[in-house]
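Novice: Once you've had a glance at the structure underneath, I'll fire off some questions.
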Amino acid sequence: MTNPTLSAVADLLDDRSYHIEFNGHLTNHVKHAVIALAEIGAPEGLIRAYYTEYARLTAYGFPLEPKRTSSQVIDADNWREYVGQRVHFTAYHEFFDTEVRRLGIDGALATYAPELLSGWIGAFTHATIHLGWAVWAGHPGMTAEALAYLTFSAVPVTPGDRTPSPYTAAADPWESLVRLSAGWADDPDFRSAVEPVIEHTDTVTELHPELRRSGLQARVAAIAAADIPALSDTPAWVRDGTDRREELRRAVTLLYLAVPGDFVVLHLITSLFALEVITDRLGSPAERDRIHDLFWAGLRIILAAETKIPDPRKLRALADIYRDESPDSGELPAAEFEVTARRAWLEDEEHNPKLVFVLRQWWGEDRWPAYRHAAAQFTRTPLLPPSFDEPPTDQTGTPS
């Protein structure tokens, strides 16, 4: 940890008082907020106050829940047995604690992350975000916690091998996104493949009951399991060995500007950053390409599951606007970002400081104005669906 404020609040990242989820499947994001707030300059006192208040009452109106106990023992022989079944979280945390101590953060990532990241869209990407943030902070305990959460919540982006589709030939991520958007607008076969799955997630027979209660996570898992080629194929640009990091960043940022403040699309920005951090530590071009492939499949699945695919005309118009923009220069853009960061300090919704943190990181590399503009488009905590009138299926105190 090179950030002195983050070092000063490292005890919060060490805290094991609370379960990784609350009220069923809602993710405990508070450690993400600690890191993001520290990285955008919030003072230590504010971060500690945020942590205390979040634990007392999250933005969803529920408190965090106590750490759970588990009688299960997870070891090197059985750790794959319960992947994605939402059981034995505490036992998995203990197992990965041992593995991170034995192998170090990089060794544990190299051993487990490549396999686990195939399920990166589980928990609506939050387990992946947890891992990226933990690795960014260089925190062993949080890294173990994140690996446990990835194992606990995994949802594979596809149940089998990829098959070709008309969208495969796109030359880069932006063209892939525009083709996806045009297909959604104009291809009735594409919509007819997606919409029945969204409307009838119960046709996917092996979803965990808590995912059904969530609505959103059920739709994502169902679309992934449906294995629709337009959503899960491997595009040509993944196979050419080119580092597409900047192109992915720009495509996702323009997508967010097409639906500014959208809670769902915001997660694609923060999870891409997390995957970048993990990729850098894995260090292999082949693994980088595989993670780009997994990210792009997950992005399409999430957009389709939530019908968050903007009109292609809007996407093209935004690309034209920002194609002609020169890089930010002088002191004013940096000062504007500082104001946005200070605004984010005040937000109850922790996704907003995360958004500012990620986009300021990216902006710092090339000063593309779209990052600055997108960072100021804050989101709001979504209303929970009527399914939350029912109690959670993952009850506090049951083995986890």
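Novice: Of the residues that sit in the stretch 205-244 and are without any contact (Cβ under 8 Å) to a residue 40 or more places away in the chain and farther than 22 Å from Pro391 by Cα, which one is surrounded by the most Cβ atoms within 10 Å (Cβ to Cβ)?
Specialist: Only one residue fits best here, namely Ala226.
Novice: Quick check on my filter: what residues within the stretch 364-388 are surrounded by 15 or more Cβ atoms within 10 Å (Cβ to Cβ) and within 15 Å of Tyr256 (Cα to Cα)?
Specialist: Trp368, Pro369, Ala370, Tyr371, Arg372, His373, Ala374, Ala375, Ala376, Gln377, Phe378, Thr379
Novice: Here is a list: Glu44, Glu39. Which entry is crowded, with 17+ Cβ neighbours inside 10 Å, in contact (Cβ under 8 Å) with a residue 24 or more places away in the chain and acidic (Asp, Glu)?
Specialist: The match here is Glu39.
Novice: How many residues does the stretch 343-363 contain that are over 10 Å from Ala36 (Cβ atoms) and without any contact (Cβ under 8 Å) to a residue 40 or more places away in the chain?
Specialist: Residues meeting the conditions: 4.
For every residue, the table says whether it meets (1) surrounded by 24 or more Cβ atoms within 10 Å (Cβ to Cβ); (2) in a loop (DSSP other than H, G, I, E, B); (3) out of contact with any Phe, Trp or Tyr (no Cβ under 8 Å at 6 or more places or on another chain).
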{"site": "Arg86", "(1), (2), (3)": "no, yes, no"}
{"site": "His93", "(1), (2), (3)": "yes, no, yes"}
{"site": "Phe96", "(1), (2), (3)": "yes, no, no"}
{"site": "Arg101", "(1), (2), (3)": "no, no, yes"}
{"site": "Gly107", "(1), (2), (3)": "no, no, yes"}
{"site": "Pro114", "(1), (2), (3)": "no, no, yes"}
{"site": "Ala134", "(1), (2), (3)": "yes, no, yes"}
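Novice: Another question, then. Read through the list (1) at pLDDT below 95; (2) more than 30 Å from Ala91 (Cβ to Cβ); (3) out of contact with any Gly (no Cβ under 9 Å at 6 or more places or on another chain), then give the number of the only condition that Ser400 fails.
Specialist: Condition not satisfied by Ser400: (2).
Novice: Follow-up. For residues in the stretch 194-204 being modelled with pLDDT under 85 and among the β-branched types (Val, Ile, Thr), which is surrounded by the most Cβ atoms within 10 Å (Cβ to Cβ)?
Specialist: Of everything passing the filter in the stretch 194-204, Val204 is surrounded by the most Cβ atoms within 10 Å (Cβ to Cβ).
Novice: Taking the residues in the stretch 1-14 that are modelled with pLDDT of 95 or more and buried (at least 16 other Cβ atoms within 10 Å of the Cβ) as candidates, determine which candidate is nearest to the chain's Cα centre (by Cα).
Specialist: Leu13
Novice: For Tyr82, which of the numbered conditions (1) more than 22 Å from the chain's Cα centre (by Cα); (2) within 21 Å of Glu21 (Cβ to Cβ) fails to hold?
Specialist: Every condition holds for Tyr82 apart from (1).
Novice: Only one of these conditions is not met by Thr128: (1) in contact with a helix residue (DSSP H, G or I) (Cβ under 7 Å, 6 or more places away or on another chain); (2) surrounded by fewer than 19 Cβ atoms within 10 Å (Cβ to Cβ); (3) within 22 Å of Gln217 (Cα to Cα); (4) among the polar types (S, T, N, Q). Which number is it?
Specialist: Condition not satisfied by Thr128: (2).
Novice: Right, something else. If the requirement is being crowded, with 23+ Cβ neighbours inside 10 Å, hydrophobic (A, V, I, L, M, F, W, C) and over 16 Å from Gly132 (Cα atoms), which of these qualifies: Ala344, Ala319?
Specialist: Step by step, each of Ala344, Ala319 is checked, and only Ala344 is crowded, with 23+ Cβ neighbours inside 10 Å, hydrophobic (A, V, I, L, M, F, W, C) and over 16 Å from Gly132 (Cα atoms).
Novice: Turning to a different aspect of this structure: Given (1) closer than 17 Å to Leu116 by Cβ; (2) surrounded by 18 or more Cβ atoms within 10 Å (Cβ to Cβ), where does Ala305 come up short, assuming only one miss?
Specialist: Ala305 satisfies all of (1) closer than 17 Å to Leu116 by Cβ; (2) surrounded by 18 or more Cβ atoms within 10 Å (Cβ to Cβ) except (1).
Novice: If you take the residues in the stretch 136-186 that are assigned to a loop (DSSP other than H, G, I, E, B) and in contact with a Gly (Cβ under 7 Å, 6 or more places away or on another chain), which one is modelled with the lowest pLDDT?
Specialist: Among them, the one singled out is Tyr167.
The values are calculated or read from the model by the stated rules, or taken from the named source; none is laboratory data. Model, not experiment: these values are computed from the prediction. Using ideal geometry, Cβ is built from the backbone for each residue, glycine included, and neighbour counts are taken over all protein chains shown.
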